[in-house]
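In what follows, a single structure is set out as structure tokens and then discussed.
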Amino acid sequence: MNEIPYLLIVDDDIGLLEALPQTLSLRLTAVQVDTSDSALDALRQIQERDYDAIVSDIKMPGMDGLALLAKIQKLRPETPTLLITGHGEHDLAVQALRGGAYDFIQKPIDRDYMVAALSRAIQTRRLRRQLAENQLALELHALSLERIVEHRTRELVEANATKDRFLSMVAHELKTPITSLKVGTQLLQRQVKRAAIDEKVSQGLEDIERSINRLQRLVNDLLDASLMQSNAFVIHRRRCDLVEICRHILDEYAVGSGSAPRFEAPGEAIEAEVDADRIGQVLLNLLSNARKYSPKGCPITVTLQQVGCEVTISVHDRGVGIPPEELEHIFDEYYRVADVEGASGSQTGLGLGLSIANKLVERHAGRIDVQSTPGEGSVFSIVLPMFVDLSTEEVDTAKLAPHTQATWTILQ
Ligand code: ADP
């Protein structure tokens, strides 16, 4: 950076060519001055050396200063070029500046002005070089950062895939022993009942079965989550009756929780194209959350409604509710609202249930709406389109008027 600046002076006036370098060397500290008596010769020198500044007379035989300037602009656009004009040749001075000259110097040459103008030009060239170097360094830095980010992203993706493979393997491996534990416990329970053994043993076995059921749910959630991550999750849609799906799940839920649902308004079938098992799984999940986060004795209501071409299954609880700031996160993976009052610690899960439920409903082109007020309860609504492709359906518009198809109330 602190190299000696190189100047080039181009003029067909040999007297000036001899005098100027001396003047400049005396007044500018440490400069090297080359000279040239024609534009053509100057061009050759400019090609060989990257000068810090060039001074050229405009009027020269052959190629003149303006033509030389144009060539320099192409060859060395960063080199400041100063042109010497005759006294009063304003038009030429303007032409020079428009052509990209850094400055112009009028004849007779004022040495002080010329030295000052050249100092500025050298400084400008130095700053331009510095800028270009900094820019290059920045670009290199950005490139290396980009490489680091790419590398780290690759590592993360690989680590994530390894984690998913591991989760899926563990979940698979756990499924078999859990199932045999469950079958074994049920068998024991039946024998205990028959043999009228101590109440405590029977109670203990029921506790074990509940724990196994929870373990089974967690393992299934882990498996579903890892299949979803790797996009290996498949849903099988078929035309089914949603009233039937709800009734079936509510019965299953009632057996598990020991509470009978009251079926209040049996209506006609509502057919929709869904994966019955998966929609059942979502409903069961919402029901078990409703129970987990409600004090004992609070009723849970399930409503099935049809509005236009959409069907809504709502699960309404009068439990602890969810604070507004938590609502937008509850569908995030592994998200759990910290310390929900009224839900016992051992009951809370991995925070995967709602995330899976939401993805399952989204795969049906539907959504889950949530309304919740802390202390008053929550309504989780599964909203599903009735048909995959409306344009190919012959829709009976009479049937599309909003109506409630069925309501179940569960008293826990
Ligand atoms: P978890 O397995 O922890 O229950 P979920 O994904 O099912 O995970 O739910 C995420 C969080 O949302 C829960 O930790 C809970 O705090 C909150 N939540 C879900 N359903 C309800 C509900 N009906 N009432 C109150 N809070 C709920």
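The values are calculated or read from the model by the stated rules, or taken from the named source; none is laboratory data. If you're wondering where the values come from, they're calculated on a predicted model, not measured in any experiment. All Cβ positions, glycine included, derive from the backbone under ideal geometry; neighbour counts span all protein chains shown. Ligands, DNA and RNA are stripped out before the accessible areas are found, and what is left, the full protein with its side chains, is counted by its heavy atoms. Shrake-Rupley method; radii C 1.70, N 1.55, O 1.52, S 1.80 Å.
A few notes on this one:
- The selection criterion, being more than 30 Å from ASN358 (Cα to Cα), open to solvent by 70 Å² or more (accessible area, probe 1.4 Å), modelled with pLDDT of 85 or more and in contact with a helix residue (DSSP H, G or I) (Cβ under 7 Å, 6 or more places away or on another chain), holds for LEU181.
- Within the set GLN135, GLN95, GLN130, the sole residue that is under 19 Å from LEU7 (Cα atoms) and either open to solvent by less than 70 Å² (accessible area, probe 1.4 Å) or out of contact with any Asp or Glu (no Cβ under 7 Å at 6 or more places or on another chain) (or both) turns out to be GLN130.
- Pair list, Cβ < 8 Å and 6+ apart or interchain, from the range 199-222 residues that are over 20 Å from ASN285 (Cα atoms) to residues that are open to solvent by less than 70 Å² (accessible area, probe 1.4 Å) and part of a helix (DSSP H, G or I): VAL201/VAL192; SER202/GLN189; SER202/VAL192; LEU205/THR185; LEU205/GLN189; LEU205/VAL192; GLU206/GLN189; ILE208/THR185
- Against the test of being under 26 Å from SER372 (Cα atoms), modelled with pLDDT under 85 and open to solvent by less than 70 Å² (accessible area, probe 1.4 Å), the options PRO261, PRO295 yield a single qualifying residue, PRO261.
- Checking each residue in the range 100-125 for being of a type outside the set (A, V, I, L, M, F, W, C) and in a helix (DSSP H, G or I) picks out ARG111, ASP112, TYR113, SER119, ARG120, GLN123, THR124, ARG125.
- Scanning the range 317-336 for residues that are within 23 Å of CYS246 (Cβ to Cβ) and in contact with a Phe, Trp or Tyr (Cβ under 8 Å, 6 or more places away or on another chain) gives ASP317, GLY319.
- Screening ILE212 with (1) surrounded by 14 or more Cβ atoms within 10 Å (Cβ to Cβ); (2) over 28 Å from GLY375 (Cα atoms); (3) of a type outside the set (Asp, Glu); (4) modelled with pLDDT under 85 gives one miss only, at (4).
- Index of the failed condition, GLU326 passing every other in (1) in contact (Cβ under 8 Å) with a residue 40 or more places away in the chain; (2) within 11 Å of the ligand (Cβ to nearest atom): (1)
- Qualifying positions in the range 20-75 - of a type in the set (Ser, Thr, Tyr) and at pLDDT 95 or above: THR35, SER36, SER38, TYR51, SER56
- Within the range 1-33, tally of residues that are open to solvent by 60 Å² or more (accessible area, probe 1.4 Å), in contact (Cβ under 8 Å) with a residue 60 or more places away in the chain and under 21 Å from GLU48 (Cα atoms): 1
- Filter result for VAL320 (open to solvent by less than 50 Å² (accessible area, probe 1.4 Å), at pLDDT 85 or above and within 16 Å of the ligand (Cβ to nearest atom)): yes
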